[in-house]
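First up is the structure itself, then whatever we jot down about it.
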Amino acid sequence: MARPAAGKNLETGLESDRFEDAPHPRETHAFFGHAEAEKNLSLAYRAGHLPQAFIIGGPPGVGKATLAWRLARFLLAHPDPAAAASDAKADLFVPPVHPVSRQIIAMAHPDLFLLRREWNEKDKKFFSEIRVEDVRRAIHMFQQAAGRGGYRIGILDCAEDLNQSSANALLKLIEEPPPRSLFLIIAQRPGRVLATLRSRCQKIVLRPLAAADIRAIVAALGPPWSSASETTLDAAAARARGSVQNMLRLLETQGIELDLNLSRMLNDLPHIDWSQVHALADRIAARNNSSDYETMLATIEDWLDARVRLGARTLQGACARQLAPYALVWEKLSEAARETEIFNLDKRPLVLSLFADLAAAVQASPP
């Protein structure tokens, strides 16, 4: 699974859930493309019908974390559903100047806890997963009375980073939630979340964004992204596959060129031009080139997803098993990418073996 490259934070210098130099979702007050999901959350809260936990699912870069932080900010700013119900507006907007907004940006609100991969000071990089001790700190916070008499909220970004022990610890907390508590679990693939945990959450699925919404988000982000030419912005939005993260990668130097080359190489499979693959491997393995690496992973994942979806529509019953080679490559990609990150391995062998596996999957699957 492709992970966003970490960005800056005032205290630690890095945050595992920030995409490069873009604003963190807690700093983002504009929200595009998912008005219906926002309206449904607002109406549920005002009617007093919020569950104890949500899984907010969807592909990377479609606004899952932004919606989670937007809901948390609203609940903490409006602790009384009856008072909020009198407001005719059905969105979750809270002004940036509101005291709760300022506290959340500074990560200083006493009733809000963020679960994410933490910084490993010893190894000078992020832990590869959310550890059970991270979840235990959240449990301690939820055992305290809410400081403002409202909700206590936990945001998990993201579920794929839980290990078995931390997932089970979180499950115990959600099974017996304290009064007026809410858990917002962000997941790229909700179906892969621990089944017992998934069964205790209400699911919200966000679809890929329209190109017009992506353009609006880039305009709201401002320079350097919005400074690109109209031609470049249109080309990037058309190839972003509904993801703001993809859009921002494409707007980097030679980002569109890389995406075009990758798409051609993937669509040519099972034929492989090994000179192109070796050139790609050298580019991906270059020092300080995490953006191209993340672009490659995201492009391949999207290509695999499209192949599986197309096959699922055209094949029925037992014939659908013919798609298994793609699923196996997907699993191998996720595991190999995780091992490469954990052990800081050379990325060249990953690229070479990946294309060999993809070619074999195409050969073994129906056209």
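The values are calculated or read from the model by the stated rules, or taken from the named source; none is laboratory data. Computed from a prediction, not measured in an experiment: that's the story for all the values here. Positions of Cβ are generated from backbone atoms using ideal geometry, with glycine treated the same way; all protein chains shown enter the neighbour counts. Ligands, DNA and RNA are excluded from the accessible area calculation, which covers all protein heavy atoms including side chains. Shrake-Rupley method; radii C 1.70, N 1.55, O 1.52, S 1.80 Å.
Let me know the volume per residue of the alpha-carbon convex hull for segment 117-244, in Å³.
So the per-residue hull volume is 172 Å³.
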(request) List, in order, the whole-Hz ³J(HN,Hα) value for each residue of segment 68-80 obtained from phi through the Karplus relation with A = 6.51, B = -1.76, C = 1.60 and θ = phi - 60°; use x for Gly and Pro. (result) 4, 5, 5, 5, 4, 4, 5, 5, 6, 7, 10, x, 10
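Mind jotting down a quarter of the surface of the convex hull over the alpha carbons of segment 66-133, in square nanometres, one decimal? Walk me through the numbers on the way to the answer.
On the way: hull surface 25.4 nm².
If you wrap the Cα atoms of segment 66-133 in a convex hull and average its projections, you get 6.4 nm².
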(request) Per DSSP H run of at least 4 residues, take -39500 (n - 2.57); add these up for the chain, divide by its residues and hand me the 222 nm value, nearest 500 deg cm²/dmol. (result) -15000 deg cm²/dmol
(message) Counting only Cα atoms, I'd like the Rg/Rh figure for the chain, Kirkwood definition for Rh.
(response) 0.97
(message) I'd like the Karplus ³J(HN,Hα) series for segment 102-115: coefficients 6.51, -1.76, 1.60, θ = phi - 60°, whole numbers in Hz, and an x wherever there's a Gly or Pro.
(response) 5, 5, 5, 4, 7, 6, 10, 7, x, 10, 10, 10, 10, 9
(request) Enumerate lysine pairs in the chain that are 8 or more residues apart or on different chains, then count those whose Cα atoms are under 25 Å apart. (result) 19
(message) Accessible area per residue for the chain in Å², computed with a 1.4 Å probe and the full protein assembly in place, what is it?
(response) 47 Å²
(request) Taking the chain as the reference, fit the longest principal axis to its C-alpha atoms, fit the long axis of helix 290-314 to the helix C-alpha atoms, and give the angle between the two in degrees, 0 to 90, nearest 10. (result) 80 degrees
(request) Select from Ala108, Ala187, Ile155 the residue farthest towards the positive end of the dipole of segment 88-188; place +1 on Cβ of Lys and Arg, -1 on Cβ of Asp and Glu, and compute about the Cα centre. (result) Ala108
(request) Compare the peptides 39-50, 213-224 by average per-residue count of other Cβ atoms within 10 angstrom and give them in order, highest first. (result) 213-224, 39-50
(request) Compute from the Cα atoms of segment 174-274 the Rg and the Dmax, the latter being the longest Cα-Cα distance, and quote both in angstrom. (result) 19.1, 60
(message) Projecting each Cα onto the charge dipole of segment 41-154 (Lys/Arg +1, Asp/Glu -1 at the beta carbon, about the Cα centre), which of Phe74, Pro59, His49 comes out farthest on the positive side?
(response) Pro59
(message) Please list, in order along segment 155-169, the HN-Hα scalar couplings obtained from phi with the Karplus expression 6.51 cos²θ - 1.76 cosθ + 1.60 (θ = phi - 60°), rounded to whole Hz, x for Gly and Pro.
(response) 10, 10, 9, 9, 4, 5, 8, 6, 9, 4, 5, 5, 5, 5, 5
(request) State the antiparallel share, in %, of DSSP beta bridges confined to the chain, rounding to the nearest 5. (result) 15 percent
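Please pull out the direction-averaged projected area of segment 247-367, using the convex hull of its alpha-carbon atoms, in nm² to one decimal place. Before the final figure, lay out each step's value.
Values: hull surface 30.1 nm².
Hull-based average projected area comes out at 7.5 nm².
Of all the accessible heavy-atom surface of the chain, with the other protein chains kept in place and a 1.4 Å probe, what percent is carbon and sulfur?
Values: 9400 of 17430 Å².
The computed percentage sits at 54.
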